[in-house]
Amino acid sequence: MSKITKTFLLVTLMGTLLSACAGEEPLPYVACPKPFILADGERLVRSAEQNWTAELNWVDLACEVKDASRIEMALFLSGRFYANSAGTYNATLPIFIAYITADDEVMSRMTQNISVTLKADKSGDFIGFKKMINGLDIQLDSVSPDMQVIVGFELSAGELASNISEKKRRLGY
């Protein structure tokens with residue numbers, strides 16, 4: 001087959017494939033909201049029988065416009081899980097996810113659980129964890145460039161007060 005024939009066939013094939021896309025509206029580009037870890041919700045401590053500590057240290061977000069009305073997000077979390085004494089730990093970590101507007105209004109809030117397991121031979125043993133939470137849908141018209149996604153551990157009032165107190169102690173307040 002000659003070079004001209006190959007080129008003609010290639011151009012014809014590409015034209016046919018591209019014409020199949022004609023008439024469809026392209027999906028809009030939407031910037032992914034900025035994800036943040038809530039400073040006072042980055043640490044979860046359990047004592048007594050459980051005796052472990054979990055910390056969040058990194059978060060990222062991937063977004064995909066699914067159709068003209070909604071965007072699907074996948075949240076990526078990374079952290080550490082520490083044993084405060086020797087033992088085997090199977091922990092369920094409650095993570096809250098909140099969508100926040102530029103005016104600090106909570107648009108939506110949910111809790112997702114992630115599981116972590118550690119066999120600790122001594123106090124101080126730890127593992128790093130990386131988890132993905134996907135299937136987080138939100139209406140496309142509610143996404144703005146100033147929107148934020150805030151994550152942290154779901155804490156009781158006492159756990160939150162303890163985190164604030166510990167942070168102040170570490171900073172010398």
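Find which of Thr117, Val106, Leu75 sits farthest along the positive direction of the dipole of the chain, computed with +1 on the beta-carbon of Lys and Arg, -1 on that of Asp and Glu, about the Cα centre.
The Cα lying farthest towards the positive end belongs to Thr117.
Within the P(r) computed for the chain, what percentage of the Cα pairs occupies the region above 21 Å?
For the chain, the fraction of Cα-Cα distances above 21 Å is 61 percent.
For the stretch 44-113, just list the percent of Cα-Cα distances falling in each 10 Å bin from zero outward, please.
Reading upward from the zero bin: 15, 37, 28, 15, 5, 0.
About the Cα centre, and with charges only on the beta carbon of Lys, Arg (+1) and Asp, Glu (-1), how big is the dipole of the chain? Nearest 20 debye, please.
Value, rounded to 20: 800 debye.
Heads up, I need the accessible area for Arg43: 1.4 angstrom probe, whole protein in place, Å², nearest 10.
Roughly 50 Å² of Arg43 is accessible to a 1.4 Å probe.
Per residue, how many Å² of accessible area does the chain show with a 1.4 Å probe?
Heavy-atom accessible area per residue stands at 63 Å².
What distance in nm lies between label points placed 7 Å from Cα along the C-beta direction at Thr53 and Ile164?
Each label point is offset 7 Å from its Cα along the Cβ direction, giving 2.0 nm.
Sorted by mean Cβ packing within 10 Å, highest first, what order do the peptides 128-138, 76-86 take?
76-86, 128-138
Run the numbers on the stretch 78-122 and let me know its relative contact order in percent, using alpha-carbon pairs under 8 Å that are six or more apart. Before the final figure, lay out each step's value.
Values: 69 pairs, mean separation 22.1, N = 45.
Reported relative contact order: 49 percent.
Using 0.36 nm per residue, how much length does the chain from Ala39 to Ser85 gain when fully extended, once their Cα-Cα distance is taken away?
14.0 nm
Packing-wise, with mean Cβ within 10 Å as the measure, how do 142-153, 158-169 rank, highest first?
Packing order, densest peptide first, comes out as 142-153, 158-169.
The values are calculated or read from the model by the stated rules, or taken from the named source; none is laboratory data. Bear in mind the structure is a predicted one, so any value in this text is a computation, not a measurement. A quick note on method: Cβ atoms are made from the backbone with ideal geometry, for glycine too, and the neighbour counts reach across all protein chains shown. Surface accessibility is based on the protein's heavy atoms, side chains included, excluding ligands, DNA and RNA. Shrake-Rupley method; radii C 1.70, N 1.55, O 1.52, S 1.80 Å.
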